[in-house]
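Where a number appears in this text, it was derived from the coordinates with a stated rule and is not lab data. What you see is a predicted model; the values in this text were computed from it and never measured. Here the Cβ positions follow ideal geometry from the backbone for every residue, glycine too, while neighbour counts run over all protein chains shown.
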Amino acid sequence: MPTQLCRDLKISFPMMAFTRGPDAVAEVSLAGGIGIQAAIGFSPDDLKRALDRIATRLDGQPWGLDVVMPSGFSTPDGDKTSGGGMAAASDYRKMLPKEHIEFLDNLLVQYGVPALPPGTTVQNAMAEWTDAVSRKQVAIGLEYGPAVIANALGTPPADVVEECHRRGVKVAALVGTAEHARRHVAGGVDIVVAQGTEAGGHTGEIASMVLVPEVVDAIGSTPVVAAGGIACGRQVVAALALGAQAVWTGSMWLTTFEGQIDAAVTSKLIKAGSSDTIRSKAITGKYARQLRTKWTEAWENPANPNPLPMPMQFLLTAEAVERIHRHAKETGNVDLVAAPVGQIVGRLNEIRPAAEVIAEMKREYYATLAALRGIG
Ligand SMILES: Cc1cc2nc3c(=O)[nH]c(=O)nc-3n(C[C@H](O)[C@H](O)[C@H](O)COP(=O)(O)O)c2cc1C
């Protein structure tokens, strides 16, 4: 067990793996790391099914759950409202600018994306980003006895932190700056995940190489886990050298058989290189790293309207995203399909079993440690 955090979590390989696929979670935990089940987009029943699956595969090995409890949303005038007290979706919808609606309609016409069949209801992604939904996910997760509960956006509410601690569950939270890390520690967070700009999904602008030691130095004894651009054993060793006590990986599991993502998206990831991503507000209204697509191109074009702040962008695009996915399934045309992924996508060139991926990572980790001993 190479670090104190590994000893505390009872893991032998210093890696945490964020993934939608319960079998990928299990493979990582069985291999000595700790798999973290994503909760976003999971209904209560789907989440229970995923956690049941993890429970059947593991034999006491630790695992974790990741929820999205936004600590605040921006309204169109830039004001922050708390996630808990968020205005009703219908109130926000009234604020959608006409210019944006027209732009989106024209974009879909330009790419030949047909309307939805009459009577189709669209599940709005924003509905999943509320305090009520994430609290329910935490409550379900706690019933299954995770070792860690992680929060993506902001410090989890004090009562959630308290409840986790009462049950002996460690609380982790992601950050993109040292200032956020200090706030997390003040809010009772036990593990700070310092995520560099290279990362897939919502991400800040500071690179891992700069951010990780900055966060380590800023928060003293609280363990730091490095995220962003990590998918091989050499990068794990580098993260430990920067002062992290483990790594947190995300993109690399998207191209495993167990990663559970859309086949259309996987094929785009396999072909992409490390310079094919962009940090854009086009999906959620907050900066998220994703593949450069016709969708990001359209939203980044200065001649077009800017993406709206979160959660308005979700409300604006919910129906369009549904239409784009249906069109992609029917025609195979994935031009407009968004694909959040990090710069490490350049290394993800085939779909592989998760067990094989982590075994290779471990081999390279131990070989690199041995090689460095030779240098020292
Ligand atoms: C498709 C995708 C979805 C993500 N969704 C979440 C999420 O729901 N919660 C979260 O904490 N992090 C999320 N992340 C970020 C990951 O947890 C992780 O920090 C990031 O992937 C690490 O960098 P990497 O992509 O270079 O491995 C997501 C990342 C990707 C690629």
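Of the beta bridges DSSP finds with both residues in the chain, what % are antiparallel, to the nearest 5? Percentage antiparallel, nearest 5: 20. Rounded to the nearest 10 degrees, the angle from helix 98-110 to the longest Cα principal axis of the chain is 90 degrees. Taking the chain as the region of interest, the number of lysine pairs whose Cα atoms are within less than 25 Å, with members eight or more places apart or on different chains, is 29.
Using Cβ point charges alone (K and R +1, D and E -1), the dipole size of the stretch 221-376 about the Cα centre works out to roughly 320 debye. Take 152-165, 282-295, 46-59 and order them by the average number of nearby Cβ atoms within 10 Å per residue, most first; the result is 282-295, 152-165, 46-59. Simple rule: put +1 on each Lys or Arg Cβ and -1 on each Asp or Glu Cβ in the chain, find the dipole, and look at Ile351, Gly204, Pro157; the Cα lying farthest toward the positive end is Ile351.
The chain: D in µm²/s via Stokes-Einstein (Kirkwood Rh, Cα pairs, 4 °C, 1.567 mPa s)? After rounding, the answer is 61 µm²/s.
Once backbone amide H atoms are built at 1.01 Å from N, Arg352 has Thr256, Phe257 as its partners under 5 Å, excluding neighbours fewer than 5 places away on the same chain. Where only DSSP H runs of four or more residues are counted, the chain gives -12500 deg cm²/dmol as its mean residue ellipticity at 222 nm, each run worth -39500 (n - 2.57). A straight line joining the Cα centroids of the stretch 294-317 and the stretch 144-222 runs 28 Å.
Taking amide H atoms as placed 1.01 Å from N in the peptide plane, the amide H of Val193 lies under 5 Å from those of Ala173, Leu174, Val175, Val225, each 5 or more residues away in sequence or on another chain.
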